[in-house]
Structures are given as structure tokens and as C-alpha cells.
Amino acid sequence: CNTDNDDAEYMGESIMMRQAYQTITARASGYVNMGLRLVWKTLQFMVLMCTLVLTATLIYTVLYHWLIPTVSQSYPVHLNYDPKGETYPNALISFTTESWTATNLSVISYDEGRFLRAWQAYDFTAILDAPESEHNFASGMFMIELKLLTADLQVLATSARPTTIRFKTDLLRRLWTWFYSVPLLLGFMEEKQSLAIPLMENFKENKAYPVAKALVSISKPNLQIYSFTLRIDARLTGIRYYVYNFFLTGAAIGISQITFFEFVMVLIYLARRKMMQSSSTSDSLDDLDAELNDAPRATQAASSTSQITTETNSDAPVTTVMGETVSTTVSVTSHETTVDKIPSSTSEHTLESSSSRATVTQEVVMTTVSSNAVATDQRRRYFFSDT
């Protein structure tokens, strides 16, 4: 008896330990699966955000180049001097074609196509480097003229501005030369003046008449210069000014806004997809409910075969029970009625067999209905888990 009790206690402890091990294993596997799902969702979110940021950066770059024109352009001007001094030094700059002419006008070529954006305001400035020579100081005032031309040399705009070499006394020039003697000897500095002369402000190109060339001339035939440059600056206003002058801040704000808009669009897409899946699931559940509603009808149809049906012919009424026939003959006269029946024992035996068959048929039908209900419940769980 003690041995049996010890065996029973040992078996009980083994069963409890096995159940505890299964519980711990199930919980551990659940936590591991939860962690893996969390890591997978995090990776998906990171990939999605990186993709959104990259696409937002690309979109912002395209919008920036479309919104902001070329802010500053510089073109060297090669003046043509007349040896006789009868004509003013001048130069013809071509912005859209590539060719050199054999005339007294030097033609400089650049990129083909429209180089100014239509209806964008531009400022034209002449950058002149002239030596501080006695000849230039004695030249006094002179004029710089700018003419903007079309490809067929039609004048679109003309502007002329005066300028001169800034005056310095002999004492100031000597002191400045002695003070900067070392850089001057080493070639890091030169005795020259850089003049920036605004030639034309707030010029807006007409789309129908694009600027293709520019004619620059100076009113002093013997003016000494080191270099001459025509600079074209776009005048930015409004949002273009802030986007260009505060590039990093504008880029951060623009990319973040585009990323937020893309994220909202992704959420709308996922919500719509979820609604479509839920609608398809509801349709499937309606089909399952229809199948469940058809099951009782099948049960009734099957059970109706176990009911007694009465068939009547011209000779005598016949009663049929589950394929067993019980015939009843009724003859009626004017004064008495005669009824011939099957023996009672045979009738009772036939009814008992019919009722037993009906019971078996109902049990089979109920078993079929229960199996269909189990399968339907499994399908319903599958659809909910898939959703």
C-alpha cells in the first residue's frame, strides 16, 4: 500500500512538473514571438521612414531647382579697341549661340538655350578693374552703356551709367605704397581699383522676346583697364529669398513637410486597404451564415423522409411508413361498416422499425450538422485571424 501511494505521488509530481514545464515553455515562446514581431515591425517602420525621407529629399531637390533660378552669372567682357581711337571700346556677348565673328565686335558664346527665366527680375552690374595710373586719373568721368538684344539684334533694353576712378592724393598714394610694399613686391596685391557699376536693375525678360545677346561699350577710347566682367544677379523676393538665403532651415522645413504629407498618404492607403479586407471578410461571413441557415433546412428535409406519408389510389388507401406498407381497407354499406386491417402485432412491429430508422436518420443528420458547424467555426476563426 505504501509503495502504491509513493508511486501515485511520484506520478502526480511528474504530471505537475510536466504541466509547469509546458506552461513555462509556452510563455517563453510567446514572449519570443512577441519580441520578434516587435523587431520586425520596428524594421518595417524604419525602412518606411527612410524611404519617405529619401523620396521627400528628391522631391524637395526638384522643387528647389524649379523654384530657384540661377542666382548669379558672370561673363567676361573682351573689349575691342580701335587703334585710331575713333570708336568706343565695345564687345558683343552672345549668351545662347556659339560663334565668333570677323568684325570689330568680339562675340563670346555660352550655353545654348534660354539663360534667363521669364518674368524673373535681374540686375546687371559691370565689374571693372582699372590701374591707378596718372592717365586714368586724368580721364575723368566716362560712361558704360549696356544694350540687351534678341537673337536677330533687336534692342530690348538700353542703359548707361557714369563712373570714374576714385581720386587719391600723391601723399596718400605714397603712404599706401610704403605700407603695402611687401605684399606688392610679392605679387599678392596690385595698385588698382575695382569698380562695381550697376547698369540695369529689376529687368524682367519677356517670354516672347528672350534675351540672347548683350552689347557693352565704354565712352573713353583710351581708358586703361585690367579686366571687365558683366555680372547678372537674380533678384529674389518672397519665399524664394528665404529658401535661398536660409538653405539649411528651408531644406529641413520643406523635407519634413513633404515627409509628413507622404506619411499621411500611406496611413490613408493602409486604412482603405483595411476597410476593403474587412468588407471582404464580412462578405465571407455572410456566406457562412447563409450556409448555417441552409443546414436546418437540410435537416428538415432529411427528417421529413421519416414522417408518414399517405398515398391514395382508386382501389384502397395505402399508408407507407419508411418503406413499410400498412394497408387499410374500408368498405361502407347503407347500414354497417366493415374494416379489414393488418394484424396488430405486424403493425406494431412495422411502426417500431420505422421509428428506429427515423431515430437513426435524425442522429446522422444531427452529426452532419454539428460537423458542419465545427468546420464553419474553424473557417470563421481563420478569417478573423487572417484579418
Worksheet entry | Accessible area (Å², 1.4 Å probe, nearest 10) - Met11 | 120 Å²
Discussion item. Could you report the accessible area of Ile59 in Å², rounded to 10, computed with a 1.4 Å probe on the protein chains as they sit in the structure?
Written reply: 70 Å²
Item to complete: Please identify every one of the GluC sites (Glu not before Pro) in region 127-183 that sits in a loop by DSSP and has no more than 15 other beta carbons within 10 Å of its own beta carbon.
Response: none
Fill in: chymotrypsin sites (Phe, Trp or Tyr not before Pro) within region 139-194, DSSP loop, no more than 12 other Cβ atoms inside 10 Å
Phe167, Phe188
Item to complete: Kindly sort Met17, Met189 by accessible area of their heavy atoms, largest first, with the probe set to 1.4 Å.
Response: Met17, Met189
Worksheet, complete the sentence: Heavy-atom accessible area of Thr249, protein chains in place, probe 1.4 angstrom, given in Å² to nearest 10, is 80 Å²
Worksheet entry | Inter-probe distance in nm under a simple model that places probes 7 Å from Cα toward Cβ, at Ala251 and Ala160 | 4.7 nm
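State the extension gain, in nm to one decimal, for the chain segment bounded by Asp152 and Val264, taking 0.36 nm per residue of separation less the distance between their alpha-carbons.
Roughly 35.0 nm would be gained on extension.
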Discussion item. Rounded, prolate or oblate, given the Cα gyration tensor of region 116-248, with a/c below 1.5 counting as rounded?
Written reply: oblate
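The values are calculated or read from the model by the stated rules, or taken from the named source; none is laboratory data. Bear in mind that the values here come from a model prediction, so they are computed numbers and not experimental data. Please note: Cβ atoms are built from the backbone with ideal geometry, for glycine as well, and neighbour counts cover all protein chains shown. The area values use the complete protein model at the heavy-atom level, side chains included, leaving out ligands, DNA and RNA. Shrake-Rupley method; radii C 1.70, N 1.55, O 1.52, S 1.80 Å.
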